[in-house]
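One structure is given below, encoded as structure tokens.
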Amino acid sequence: MTVQADLFCADAVTRIEGPLVFAQRRVEVGLNEAVEVIGTDGRVRLGRVAAVDETYMTIETLESTSGLTLAGTRIRFVGEPVTFALGPGILGRVFDGVGRVLDGGPPVAAKMRVSIDGAIINPMRRAKPEDFIETGISAIDTLDSLVRGQKLPIFSGGGLPHNRLAVDIALHARLRSGESEPFAIVFAGIGVPYDQAEAFRKSLETGGALGHTALFLNLASDSSAQRLLTPRFALTAAEYLAYVEGRHVLVIITDMTNYCEALREVSASHGEIPSRKGYPGYMYSDLATLYERAGRILGRPGSVTQIPILTMPADDITHPIPDLTGYITEGQITLDRKLDRAGVYPPIGVLPSLSRLMKDGIGEGFTHPDHPALANQLYAAYARTMGVRLLAGVVGAEGLTPTDRLFLEFGKQFESRFVAQPEGSRTLEESMAVGWELLRGLPETELARLSDEQIKRYLRKPAADG
Amino acid sequence: MNEAAIRWISGPVLRAVTRDPFRIHEAVQVGPKGVLGEVIRLNGEEITVQLFEDGTGLKPGDPVHGQAAPLSVRLGPGLLGNIFDGLLRSLGGEGRDFLLPGRFVLPAGRFHLTPLVAPGRILKGGDPFAEARHHPDAHTFQLCLVPPDRAGEVVTMASRGEYADDETVLTLRDGQGRSVEVAMSHAWPVRTPRPVARRLPADPPLLTGQRILDCLFPVARGGKAMVPGGFGTGKTVLLETIAKWCDAEVIVYLGCGERGNEMAGVLDEFPRLEDPKTGRPLMERMVVIANTSNMPVAAREASVYTGITVAEYFRDQGLRVALMADSTSRWAEALREVSGRLGELPGEGGYPAYLSTRLAEFYERAARVTTLAGKNGSLTVMGAVSPPSSDFSEPVTIHTKRYVRNFWALDRKRAQARFYPAIDPIASYSEDADVLALWWSKQGAPAWTEQRRRFLTLLEEQIRLERMARILGKDALPPGQQLTLLCAELVNDGFLRQSAFSVKDRYASPRKQTRMMGLLTRFMDRAEAAVNAGIAVERIAALPVLRRLQRMGEDIAEEEYDRFDALEQMLEADFGALSGPSGEEKPS
Ligand SMILES: Nc1ncnc2c1ncn2[C@@H]1O[C@H](COP(=O)(O)OP(=O)(O)O)[C@@H](O)[C@H]1O
Ligand SMILES: [Mg+2]
């Protein structure tokens, strides 16, 4: 008879290959259970049981195996999957990528321990996300609104100001009702350089938000296998804060590209057959187990809203990382390098951006009755502008019809006055007023997305009544 | 029952030793929690099982119990109006905020039964023997069918009253004199198509209420359509819109590897919408099957078969059924994952070589048929395809295209301009259109074929002319071509664009569609005549009627046909006024 968990097993390791440790199985152990692999150096490495048979088991260590030896390595069995001990005290604290306190403070007083994989939310018990969140950013609030419980990633590129944008959103985000409901921020840095993580912490501190933020940092120097756990620890914390403590939690994860690279690396070390560009075929499902952990649950007060950030390799939106992400998330905010170069902040590329949940959170009874039509017409007009620009590039502005020239001008204004907001954050009303004003520069006959009523009511009148 | 003991386990695959005669695809329950799985390989004394649920905590030695039957689902009156997981287990029940692996048995539903047969009657497989109702005096009922593989003479038939749906209410004596017990619901293996008496040729259209589909790319009842499109191009909204307004009697909506919030959205919205034909909540004609993207992948592979089996069951009651599968790509990916675990040789894109066969088998289950009981039923299948990088030359798109008759391609450019539905009128096609022309002409729209052809040619011409305009400038085009561009834009804006969220426009009846097509054709005729008579295109572009036509879909509701008449008068008047002062246009 083998014996039950929470015991050590020494001198059982027979082979170490990358993150995988093969060992004789002398105790009863189940699939996916957590273990600690302790080297002769005394370092404790978290791992989990990836395969078991009658005599052997395969352990996937989630931290570097560097320094491990066959003889002398001990394995401690936990007897349950990887868990995270949580309590209200996690706010204001900094953790490493696997949930260990990193700020030198005392350990967190635990109220409960939860498996980091999270349970599958029953789709039937999901509450529809429909509470409009004002971010203070015109392009988002007016055209691609964020609602509570949504997962809305930022598709960015190296060197673009995605982190600044994420902090701006985190610090400004509010409900329009002005109600102050308990909220929290969970920030997960995956494979980020130390200075970036520090900059994040600083700006949250300056913004006065650090007290209700939990930070999880997997630094660029940490093991890549650990990167796979970081968002899971962060999301487990977020779910606790939302569904147990009743807070509205905004989760910012940066950079998902590092996560996917780690996934590719670990998959290769398992000898799996790669799919597109070397990423594993299950990357879609794996990402879904993270992104789907956003939402609201019927009858529970809190919510989990996710803003994952990813940098598109070579600014290519068809690369598997943004592509698979876009197939899972409820839209995307895309940053545009051209706008950034032109000094536009935030440099949001409007056309490829989308918020799928917007329609449930705007309009009559939510924001303003004219909001959907305005967004629709701005989109149509800006899309048309892009076509005109193409034409102008060939035949020159002189070769354009007078109407087309108006669209060129509209596009210019749209980018410099609506998308760009050098003056800082705007209320939704301010954003919408700019939008209507820009549309006034176009002939009414070209505004097919607006009804006569809307033209009369919102376009012809000055923006006074909002 | 067959039993085995786990020898090895990793991820969702395990191997177990046994002496019992397991079969391929036999359903199994594993370990203390009874995690569901399916036998996928037999090798001597070893069976390989894939798990449909999370196997955390399973160990060598844990038992594997065979269910003595292939993966089957229970088909009966409890399906309509409800939501299930990919293995047709109800997602209802109190306090189940999170889904945990293992057995979950919802108690059988109770229904009011009205017998249709009496002892002595000979019943074949598929024959109806009773009606089942939620309430004794409900108007709507479902037929209870003899399972397709059973038959015999009625020995006992339960009397009118309330019964559990899995309780024996009918006993038959079959040809060999054996007694056969039949309940309101019966089990059927999902990977086996349910038999029919005869397959019928495509005939009337499945009306979707979407103009671009019904008029340009119509699908027949029992037809098959695919909706390929990159993320955010509108696959889900299109399928949901069709689910809401198409003229099927039963909708099976299969969320396969997609978002949980979308399923929640369906559950939130459909009960509040009314079926325009029956006035009943739309949810009552729906069965929702949800395997969201965070649910286990092996169950995703099975969910497609679960969905189509449920759909066939309603078809067998002589109903018009439509199945929407969103997205079949996730199913194909699940197939790829399972195949990879078995160590099979990967083909194109890593998919197994039998991908094409599986797709063919799936779409083949769509048809208009004569049921075993001699009624007409149909099952129309519409599948979303999510090509990686929006590349339509990838294996799932290519192979699906070989087996469907309707190709509704979504275009990113249109979607980005918020031009919905973003169906590309050039890349899309319908092989059913020729057959369906007859239906339209019987409906009093004899010009349908001609107008359809005219719209399609116009849209194709637009692409060519726009390319030229990009080189020469628009002004350099002769007036006739400028008019073509104007008309093409009008057809796009005034006919093809149709918001799924506009209360007046989300559904258009054939009558409204015909009226709109007619008005636009009339506009083109008069505009061409005007241009031929030397009137400048700018003057036509400035006609007030143009804006009215662009917006007629959303401005004019179903019942307001007098407003279409007024619009027609305005059109004639506008053109009349054009020729007025200069007096050049001849009256037509
Ligand atoms: N027919 C339509 N009418 C109005 N809006 C639409 C329509 N189709 C798509 N949309 C908009 O586009 C968004 C993305 O559509 P969706 O169907 O979710 O895309 P996909 O399933 O292809 O990823 C929706 O959230 C909605 O805002
Ligand atoms: Mg979709």
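The values are calculated or read from the model by the stated rules, or taken from the named source; none is laboratory data. What you see is a predicted model; the values in this text were computed from it and never measured. Every residue, glycine among them, receives a Cβ derived from its backbone with ideal geometry; neighbour counts consider all protein chains shown. The protein model used for the area step is the full one, side chains on, heavy atoms only, and it has no ligands, DNA or RNA in it. Shrake-Rupley method; radii C 1.70, N 1.55, O 1.52, S 1.80 Å.
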Turns out the helices (runs of 4 or more DSSP H) fully within region A:361-451 with at least 3 residues that are within 22 Å of B:Asn492 (Cα to Cα) are A:371-395, A:402-413
Pull up region B:374-399, narrow it to residues that are within 30 Å of B:Phe129 (Cα to Cα) and buried (at least 22 other Cβ atoms within 10 Å of the Cβ), then point me to the one that is nearest to ligand 1 (Cβ to nearest atom). B:Val381
Under 7 Å between Cβ atoms, at least 6 apart or on separate chains: pull out the pairs that start in region A:323-343 with a residue that is in contact (Cβ under 8 Å) with a residue 60 or more places away in the chain and open to solvent by 10 Å² or more (accessible area, probe 1.4 Å) and end on any residue that is of a type in the set (D, E, K, R) and away from ligand 1 (no atom under 12 Å from the Cβ). A:Arg337/A:Asp315; A:Leu339/A:Glu415
The residue from A:Gly72, A:Gly67, A:Gly104 that alone is free of Cβ contacts under 8 Å to residues at least 40 places away in the same chain, under 18 Å from A:Ala10 (Cβ atoms) and assigned to a loop (DSSP other than H, G, I, E, B) is A:Gly67
Only one of these conditions is not met by A:Pro402: (1) surrounded by fewer than 21 Cβ atoms within 10 Å (Cβ to Cβ); (2) of a type outside the set (D, E, K, R); (3) within 30 Å of B:Gly260 (Cβ to Cβ). Which number is it? (3)
Tell me the helices (runs of 4 or more DSSP H) entirely within region B:388-464 that contain at least 3 residues that are over 21 Å from the mean Cα position of the chain (by Cα). B:412-416, B:433-442
Residues in region A:112-144 that are free of Cβ contacts under 8 Å to residues at least 60 places away in the same chain and over 21 Å from the mean Cα position of the chain (by Cα): how many? 3
Just to be sure I understand, how many residues within region A:272-323 are of a type in the set (Val, Ile, Thr), more than 18 Å from A:Gly149 (Cβ to Cβ) and modelled with pLDDT of 90 or more? 5
In region A:272-290, what count of residues is obtained for those that are part of a helix (DSSP H, G or I) and either open to solvent by 60 Å² or more (accessible area, probe 1.4 Å) or more than 8 Å from every other protein chain (Cβ to nearest Cβ) (or both)? 7
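One line per residue, one yes/no per condition, for (1) in a helix (DSSP H, G or I); (2) over 28 Å from A:Pro369 (Cα atoms); (3) open to solvent by 50 Å² or more (accessible area, probe 1.4 Å):
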position: B:Gln482; (1), (2), (3): yes, yes, no
position: B:Ala488; (1), (2), (3): yes, yes, no
position: B:Ala508; (1), (2), (3): no, no, no
position: B:Ala529; (1), (2), (3): yes, yes, no
position: B:Glu538; (1), (2), (3): yes, yes, yes
position: B:Glu554; (1), (2), (3): yes, no, yes
position: B:Glu559; (1), (2), (3): no, no, yes
position: B:Met570; (1), (2), (3): yes, yes, yes
position: B:Ala573; (1), (2), (3): yes, yes, yes
The one condition B:Glu153 fails out of (1) open to solvent by 60 Å² or more (accessible area, probe 1.4 Å); (2) within 16 Å of ligand 2 (Cβ to nearest atom) is (2)
So, A:Ser416, is that one small (Gly, Ala, Ser) and in contact with a helix residue (DSSP H, G or I) (Cβ under 7 Å, 6 or more places away or on another chain) or not? no
Could you identify the single residue in B:Val321, B:Val297, B:Val287 that is open to solvent by 10 Å² or more (accessible area, probe 1.4 Å) and either away from every other protein chain (no Cβ under 14 Å) or under 25 Å from B:Thr400 (Cβ atoms) (or both)? B:Val297
Every listed condition ((1) modelled with pLDDT of 95 or more; (2) in contact with a strand residue (DSSP E or B) (Cβ under 8 Å, 6 or more places away or on another chain); (3) within 12 Å of ligand 1 (Cβ to nearest atom)) holds for B:Arg259 save (1)
Apart from one, (1) touching a Gly at 6+ places or on another chain (Cβ under 6 Å); (2) away from ligand 2 (no atom under 16 Å from the Cβ) all hold for B:Ala187; the odd one out is (1)
Any chance you could count how many residues in region B:410-465 are touching a Gly at 6+ places or on another chain (Cβ under 7 Å) and crowded, with 21+ Cβ neighbours inside 10 Å? 6
Just to be sure, is B:Ala197 away from ligand 2 (no atom under 16 Å from the Cβ), touching a Lys or Arg at 6+ places or on another chain (Cβ under 6 Å) and not charged (D, E, K, R)? no
Only residues in region B:198-218 that are under 19 Å from B:Thr370 (Cβ atoms) and in contact (Cβ under 8 Å) with a residue 24 or more places away in the chain count as the first member; pair them with residues that are of a type in the set (Val, Ile, Thr) and open to solvent by 20 Å² or more (accessible area, probe 1.4 Å), Cβ under 8 angstrom, at least 6 apart or cross-chain, and list the lot. B:Pro201/B:Val435; B:Ala202/B:Val435; B:Asp203/B:Val435
Those residues of region A:326-343 that are of a type outside the set (Phe, Trp, Tyr) and either within 12 Å of ligand 1 (Cβ to nearest atom) or at positive phi (or both) come to a total of 7
Single match in A:Gly87, A:Gly159 (criterion: among the small types (Gly, Ala, Ser) and open to solvent by less than 10 Å² (accessible area, probe 1.4 Å)): A:Gly87
So which of A:Ala173, A:Ala166 ends up being more than 14 Å from chain B (Cβ to nearest Cβ) and touching an Asp or Glu at 6+ places or on another chain (Cβ under 8 Å)? A:Ala173
Just checking, does region A:242-263 include any residue being at negative phi, more than 20 Å from the chain's Cα centre (by Cα) and away from ligand 1 (no atom under 16 Å from the Cβ)? yes
